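Beneath this line is the structure, given in structure tokens, with notes to follow.
The values are calculated or read from the model by the stated rules, or taken from the named source; none is laboratory data. Computed from a prediction, not measured in an experiment: that's the story for all the values here. Cβ sites come from the backbone with ideal geometry, for glycine too, and all protein chains shown count toward neighbours. These accessible areas exclude ligands, DNA and RNA; they are computed on the full protein's heavy atoms, side chains included. Shrake-Rupley method; radii C 1.70, N 1.55, O 1.52, S 1.80 Å.
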Amino acid sequence: MSTASQVSLVQDPRVIEQAMLSPEWKPHSAGMTPEAIREFVENLEVEYIPGTFLIRVSFLDRNPERAQAAVGSVIRAYELRFGDESSQAFDDR
């Protein structure tokens, strides 16, 4: 699986939902309303860094603790959902 494909997986709605329901994000959450989900997705940035195997995940928020919780919850949700699959694809190279 390409790194660019994994960017899509990080942004998968199931990953976002799991991240927003995580204990790490709960203290910062505005709930699971359509507006809260839209705001979370709009503030989340996931990009492939060309020439590397790296993906940058960032979250724009005035509160650095909230931004850190968002990024951490997304990364953990991605790892829980796709971790074994993506590490296997990397090992196959």
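So which of Phe40, Phe82 is outside any strand (DSSP E or B) and at pLDDT below 95? Steps first, answer last, please.
Numbers: Phe40 fails: at pLDDT below 95.
Checking each option against the conditions leaves just Phe82.
Hey, does segment 1-8 have a residue that's in contact with a strand residue (DSSP E or B) (Cβ under 9 Å, 6 or more places away or on another chain) and open to solvent by 70 Å² or more (accessible area, probe 1.4 Å)? Don't jump to the end; show me each part of the working.
So the first thing to find is which residues in segment 1-8 are in contact with a strand residue (DSSP E or B) (Cβ under 9 Å, 6 or more places away or on another chain), and the list is 2-4, 6-8.
After this cut, where a residue has to be open to solvent by 70 Å² or more (accessible area, probe 1.4 Å) as well, the list is 8.
The answer is yes, given that some residue of segment 1-8 is in contact with a strand residue (DSSP E or B) (Cβ under 9 Å, 6 or more places away or on another chain) and open to solvent by 70 Å² or more (accessible area, probe 1.4 Å).
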Checking Arg62 against (1) open to solvent by 70 Å² or more (accessible area, probe 1.4 Å); (2) modelled with pLDDT of 95 or more; (3) part of a helix (DSSP H, G or I), only one condition comes out false. Which one? (3)
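When you look at Glu17, is it open to solvent by 60 Å² or more (accessible area, probe 1.4 Å), part of a helix (DSSP H, G or I) and out of contact with any Asp or Glu (no Cβ under 6 Å at 6 or more places or on another chain), yes or no?
On the way: open to solvent by 60 Å² or more (accessible area, probe 1.4 Å): yes; part of a helix (DSSP H, G or I): yes; out of contact with any Asp or Glu (no Cβ under 6 Å at 6 or more places or on another chain): yes.
The answer is yes for Glu17.
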Restricting segment 25-53 to residues that are surrounded by 11 or more Cβ atoms within 10 Å (Cβ to Cβ) and charged (D, E, K, R), the residue that is farthest from Arg66 (Cα to Cα): Glu47
Residues that are in contact (Cβ under 8 Å) with a residue 24 or more places away in the chain and small (Gly, Ala, Ser), drawn from segment 1-59: Ala4, Ala19, Ser22
